[in-house]
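Single-structure report; data block below.
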Amino acid sequence: MSSPAVSLRTSFGALISRELQCALRKRQDLANPLVFFVLVVVLFPLGVSPEPSFLETASSGVVWVAALLSTMLSLDRLFRDDYEHGTLEQLVISPQPLYLIVLVKIALHWCLTGLPLLLLSPVLAVMMHLPAEHIPVLMLTLLLGTPTLSLIGGIGAALTVSLRSGGVLVSLIILPLTIPVLIFGTGTILASIDGIPVAGYLATMGAFLMLAITLSPFACAAALKMSVSS
Amino acid sequence: MNWTFFHKLGSPKWFYDLSARLQPWFLVTGVLLMAIATVWGLAFAPQDYQQGNSFRIIYLHVPTAILAQSCYMMMAASALVSLVWKMKMADMFIVAAAPIGAAFTFLALFTGAVWGKPTWGTWWVWDARLTSMLVLLFLYFGVMALRAAFDDLDMSSRATAILVIVGVVNIPIIKYSVDWWNTLHQPATFTLTEKPAMPPEMWLPLLVMVIGIYCFFTAVLLVRMQTEILRRERRTKWVRGIVEAEASK
């Protein structure tokens, strides 16, 4: 009992630096979801219509759906590597609350996948003929929306981490749950195009984010405990 | 209050015996009530003054839709029991109920489409209600897919319970968002004709049908749960006894 307890700050500092190191050593894994994001957006003008009038109305939805799919794709790796080499078990049995560990992991994952996506979105918005004055709104919705997606998706990743066929299953069980975020994400931009004040819409998205931050780590933690129980 | 009854429900053998006794009654009552309501609703209930005879599909559509939604709520209550008290029967309920719920959701969507064609002139409208039912169908599919993915029984029951609870927290948010989205994007392309206050001749068969469908649901559910019990308890003495008794007949 005499061993000194590791403080919350030290252990989370170690966790954060470890997560960043692991992520930065696998640069290709960071790039793949971004390339996928761009590719999905490019498919729409090619597949549906390159008319600027069509693209303008469709742009918000296309960028958002692409962001949603790319987030789902990247989430598969969120816990998988840790599960495979046993780090996850160590995290689960560590004295620090699993709730916070999960929250830190998802937050870092968002910084490495969601944030680049957010920074890339103006380029795609211009290519999709979204009027320039609405691009900040698009970025704001992505800023509030993609972390929510990561948090909801984290539940799916935690539930399926012990399964070999994770990828498609995560999308299947999580995509229905992300519909509200998608609706409000595109709805905000459409409202902005119609000249309606968007503060209320953004506030709703912020509320979704807060709800996801408070509730989703509980479900993730329960799911992770289940996944390492075998 | 005496809780013995509740605790007994957690015992597979006791539940099996009880359900074996109750199941035929539910089946007979369900089929009888459904038959009565079908004949009553289709042949004797008065026509709708606006929709004519096409309204009669509500005798199938409304009960299936009610059941589809309440089935998920029952599953969520079971999931909580399964997570908190680790009762085996609660998990078996979820396993047994999910495909039935999905089937009823599909029926509700299908009958809705059949009704929509003569009334709205199209099979499918991105109406808020239709869309949220479609999402519900996907939630059922998700539960079933996750369930099937695990080999380990304990893990699969915990995973399913977590997913069902996450889903039920989301259902009100999805419902509200879809309602909001619909009013934003489609300002009344198709207006549902305001439902007239129904006379008793019209809603009584509906009520009978709802009760009948619930009885039928219970009967099917009990059969599925019995099968699940036999499968999981196949190594126990009492199940072997049943099998041997069947074999020696």
Which residues, taken from the stretch A:126-141, are in a helix (DSSP H, G or I) and surrounded by 24 or more Cβ atoms within 10 Å (Cβ to Cβ)? A:138, A:141
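Scan the stretch B:124-159 residue by residue and report those that are among the polar types (S, T, N, Q) and under 17 Å from the mean Cα position of the chain (by Cα).
Of the residues in the stretch B:124-159, the ones among the polar types (S, T, N, Q) are B:131-132, B:156-157.
Listed by number, the list holds a single entry, B:132.
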Only one residue in A:165, A:216, A:227 is surrounded by fewer than 18 Cβ atoms within 10 Å (Cβ to Cβ), at the interface with chain B (Cβ under 9 Å from one of its Cβ atoms) and of a type in the set (Gly, Ala, Ser), so which one is that? A:165
Report whether or not residue A:17 is farther than 17 Å from residue A:155 by Cα, at pLDDT 90 or above, crowded, with 19+ Cβ neighbours inside 10 Å and among the polar types (S, T, N, Q). no
Go through (1) modelled with pLDDT of 90 or more; (2) more than 22 Å from residue A:121 (Cβ to Cβ); (3) more than 20 Å from the chain's Cα centre (by Cα) for residue A:192 and report which single condition fails. (2)
How many residues does the stretch A:191-206 hold that are assigned to a helix (DSSP H, G or I) and either touching a Leu at 6+ places or on another chain (Cβ under 7 Å) or more than 10 Å from every other protein chain (Cβ to nearest Cβ) (or both)? 8
Give just the number: which of (1) over 17 Å from the mean Cα position of the chain (by Cα); (2) in a helix (DSSP H, G or I) does residue A:107 not satisfy? (1)
Is it true that some residue in the stretch B:121-133 is more than 12 Å from chain A (Cβ to nearest Cβ), assigned to a loop (DSSP other than H, G, I, E, B), at positive phi and of a type outside the set (A, V, I, L, M)? yes
Check on residue B:48, within 22 Å of residue B:223 (Cβ to Cβ) and over 21 Å from the mean Cα position of the chain (by Cα): no
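One line per residue, one yes/no per condition, for (1) buried (at least 16 other Cβ atoms within 10 Å of the Cβ); (2) of a type outside the set (Phe, Trp, Tyr):
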residue: B:85; (1), (2): no, no
residue: B:130; (1), (2): yes, yes
residue: B:148; (1), (2): no, yes
residue: B:151; (1), (2): no, yes
residue: B:155; (1), (2): yes, yes
residue: B:160; (1), (2): yes, yes
residue: B:165; (1), (2): yes, yes
Can you go through A:145, A:156, A:167 and tell me which one is at pLDDT below 90 and in a helix (DSSP H, G or I)? A:167
Which numbered condition in (1) within 14 Å of another protein chain (Cβ to nearest Cβ); (2) in contact with a Gly (Cβ under 7 Å, 6 or more places away or on another chain) is the only one that residue B:146 fails? (2)
Test set (1) under 22 Å from the mean Cα position of the chain (by Cα); (2) free of Cβ contacts under 8 Å to residues at least 12 places away in the same chain - residue B:167 fails condition number: (2)
Has the stretch A:175-186 got any residue that is more than 10 Å from chain B (Cβ to nearest Cβ), surrounded by 23 or more Cβ atoms within 10 Å (Cβ to Cβ) and of a type outside the set (Lys, Arg)? yes
Determine whether residue B:110 is under 20 Å from residue A:160 (Cβ atoms) and either modelled with pLDDT of 90 or more or more than 9 Å from chain A (Cβ to nearest Cβ) (or both). no
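Can you tell me which of B:54, B:70, B:82 is among the polar types (S, T, N, Q) and closer than 23 Å to residue B:215 by Cβ?
Values: B:54 fails: closer than 23 Å to residue B:215 by Cβ; B:82 fails: closer than 23 Å to residue B:215 by Cβ.
Answer to the check: B:70.
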Out of all the residues in the stretch A:187-213, which are of a type outside the set (A, V, I, L, M) and either surrounded by fewer than 19 Cβ atoms within 10 Å (Cβ to Cβ) or under 20 Å from residue A:150 (Cβ atoms) (or both)? A:188, A:194, A:195, A:197, A:200, A:204, A:206, A:208
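The values are calculated or read from the model by the stated rules, or taken from the named source; none is laboratory data. The shown structure was predicted, so the numbers you read here are calculated from the model rather than taken from an experiment. With ideal geometry, Cβ positions are generated from the backbone for all residues, glycine too; neighbour counts draw on all protein chains shown.
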